[in-house]
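Each value in this text was obtained by applying a stated rule to the coordinates, not by laboratory testing. Model, not experiment: these values are computed from the prediction. Here the Cβ is made from the backbone with ideal geometry for all residues, glycine too, and neighbour counts use every protein chain on show.
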Amino acid sequence: MERRNLLDGETSPYLRQHKDNPVAWRPWGAAAFAEARELGRPVFLSIGYAACHWCHVMARESFEDGDVAALLDAGFVAVKVDREERPDVDAIYMDAVQALGRPGGWPLSVFLDPEGRPFFGGTYYPREAFLELLRQIDEAWRDGRARVGAAAADLAAFLAAEDRRAAGPLSPAVLADFAAAWLARRDPLFGGRRGAPKFPPAHDARLLLRIWRRTGDVEALETAKGALDGMLRGGVHDQLGGGFHRYSVDERWLVPHFEKMLYDQANLAEAYLDAHLATGDPLYARVARSTLDYVLSDLAAPEGGFACAEDADSPGGEGAFYVFAADELRAALAPDEYEAFAAAYDVTDEGNMDGANVLALRPGAPFAEQRGPLGAARRKALALRARRERPARDDKVLADWNGLAVAALARAGRALDEPRYAAAAARAATHLLERLAAPGGGLLHVRRGAGEGVRGALADYAFVVRGLLQLYQSDFDPRWLEQAARLAAKQDELFWSEERGDYFSTDGTDATLIVRRVEPFDGAVPAGRSIAALNLLDLATLLAEPRLRARAERLFASTPADAASAPLAFAALLAAWDEYLHGGISAAVVGDRRDPAALAAARRLAAAGAVVALGAGEDAARVPALARREAGGRAPSIHVCRDGVCLPPTTNVAAALRAVAGH
């Protein structure tokens, strides 16, 4: 059998980065495992993504090296996976590596038997260590295949058992436990959790803000603000171009790993928007705007939707596009401009990263100043940066991450009165519904070129439905609600397990996956079931379907008992739980969505936290929540309901807002 690299026919940017490696890579699929069985070899599985710095390092050191390639090709079937294209594959083997007691991360390096069962794994290995590991694995396979097979079988059985964690009923107290757990881990100096590295806690901050608004718990508010303030001033936030890097390597939010991920921009834009709506602080609105402006300017894909990431590396090394030497700035700026810029962003000759300066806003310095010497310096520094070669962009349009972006843009459009955000959300949603439509009325996760694409997972459906629901509550076009209802029904058909009272993460059609997982934990990207729970509550209101609320109740009841002991792993789910326990506020606005007064009233009610329907005539006939609601004459008639009990209709928007607020 010819041993050559087979990635040249792949469309994933990450896989194409490796198509010229001397390693005889195979893409994930049944053919690779059939080859392993035929040759009697283990599989070496390498999982990464295009914007991953350490993936690039391991590629340069090992996968472009002839000695490494020779060892891999002599004793293994080497399989390369883009984790963003196949998050289902990544999740299984990340669980396996962590079950072996090793930290997770990328690149993920896992050794499997020909049935796909893992028996050893880790993350990044330097070249010499990797060469030695390959020799050891090859020897163990040749001399003790039965022992290796038994270990693989045991680990696969463990993964299957772990997927059936014991459920424990959620209690109202878990929300206070969440806030207390955050308080115990809070970094009082820099914000976020103590220690390093630091990842942006977008969903945690949003839940803490919800808890504060409901209970008045000032410590919950201060914990959320501490994280948001630390990030917005740190180097993890692109102070010139907007948007956030993936995480900070230090406790100060200062020096990041420089990749920029679409999901972080969407999640953090919503977190800062929530902070603005909760506190009234315009700074948080400005951060939300600058983050979404970055998405629109730098991640918009030509064919529609948004690209998934920008790389950490560019010519000159990781972060070279973003950092500045003091002398470079002195040469480009007038003396007063340099003085203002250096004072605001703590620029020094020594720098804070390998002699260069990651820009971070000093305490008291104004955010994104546009006036005076500092404003002029910012514009010149941005122009200086624009002359550099940008980091590569991974232009995959992923359904799940785009669904998050649609939700963020739609919410910002209505809350900040920015029609361009709502219009961008509508364009992206249209692209997803058309370009990523799957046979039978479903969704694809991703499709590049003319290929069949990758089947959608639970997260794709849940996140796109979330985006459509937010888009409906931005322009109140019933088509968005109808599409959300259709996809939610398809989601239930493909992923719901009546036996378990829960959603599987995949549809069960891929025989190469050794486990059909239920993913309960929320990470940087929330679990699909967490967002599905929130969607069920909103759809139950908008579609007047109590059975959907009952399904959310079953989902809450199926949550692992870990939520009681480790609530920080369930931030997005607990936000849905909080909505279930303490939300239940809806507003049906009977009026024409093209009437500026009716539209403005509906948007204000949505921004205040109600689930809102708006329509009259034909529109109202398409929205069950508007059925049998009476008009109020010329002015829009507002029907506010709380926990199924409706107040008398009113045409007074201020009175309706007070009712939504519980006054």
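A few remarks follow.
- Relative contact order of the range 309-368, pairs being alpha-carbon contacts under 8 Å that are 6 or more residues apart, as %: 30 percent
- Contour minus Cα-Cα distance for ASP354 and ALA153 (0.36 nm per residue): 67.7 nm
- Unit charges on C-beta of K, R, D, E only; dipole of the chain, Debye: 1720 debye
- Trypsin sites (Lys or Arg not before Pro) within the range 144-207: DSSP coil, no more than 16 neighbouring Cβ in 10 Å: ARG164, ARG165, ARG194
- In a DSSP loop and with at most 12 other Cβ atoms within 10 Å, the trypsin sites (Lys or Arg not before Pro) in the range 543-602 are ARG594.
- Loop-located chymotrypsin sites (Phe, Trp or Tyr not before Pro) in the range 182-268, at most 14 other Cβ atoms within 10 Å (DSSP): none
- Annotation: lysines with alpha-carbon distance below 30 angstrom to LYS490 (same-chain offsets under eight excluded): LYS396.
- Peptide packing for 456-465, 556-565, 304-313, 345-354 was compared via the average number of neighbouring C-beta atoms within 10 Å per residue; ordered from the highest value, the list is 456-465, 304-313, 556-565, 345-354.
- Isolated cysteines of the chain, defined as having no other cysteine beta carbon under 4.7 Å away, are CYS308.
- Counted charge near HIS445, where neighbours are those whose Cβ lies closer than 10 Å (Asp, Glu -1; Lys, Arg +1): -1
- Across the range 379-520, C-alpha contacts under 8 Å between residues 6 or more apart give a mean separation that, scaled by the residue count, equals a relative contact order of 22 percent.
- Prolate/oblate/rounded label for the range 180-326 (Cα gyration tensor, a/c 1.5): oblate
- Computed [θ] at 222 nm, deg cm²/dmol, the chain (DSSP H ≥ 4; -39,500 (n - 2.57); rounded to nearest 500): -15500 deg cm²/dmol
- Under 9 Å, Cβ to Cβ, from LEU131 - net charge with Lys/Arg +1 and Asp/Glu -1: -2
- With a Förster radius of 22 Å applied to the C-beta separation of ARG500 and GLU434, the computed FRET efficiency comes to 0.10.
- Here's how it looks for MET353: its modeled amide H is under 5 Å from those of VAL358, which are all 5 or more places away or on a different chain.
- Prolate/oblate/rounded call for the chain, Cα gyration tensor, a/c under 1.5 rounded: oblate
- Karplus-derived 3J(HN,Hα) values for the range 325-333, using 6.51 cos²θ - 1.76 cosθ + 1.60 with θ = phi - 60°, are 7, 4, 5, 4, 6, 4, 6, 9, 10 Hz; glycine and proline are entered as x.
- Rounded, prolate or oblate (a/c below 1.5 giving rounded, otherwise prolate when a/b exceeds b/c) for the range 252-348 by Cα gyration tensor: oblate
- For the range 467-504 versus the range 611-659, the spacing of their alpha-carbon centroids is 23 Å.
- Using a cutoff of 8 angstrom between alpha carbon atoms and counting only pairs six or more residues apart, the relative contact order for the range 93-231 works out to 16 percent.
- Net charge of Cβ neighbours under 14 Å - reference HIS639; Lys, Arg +1; Asp, Glu -1: +2
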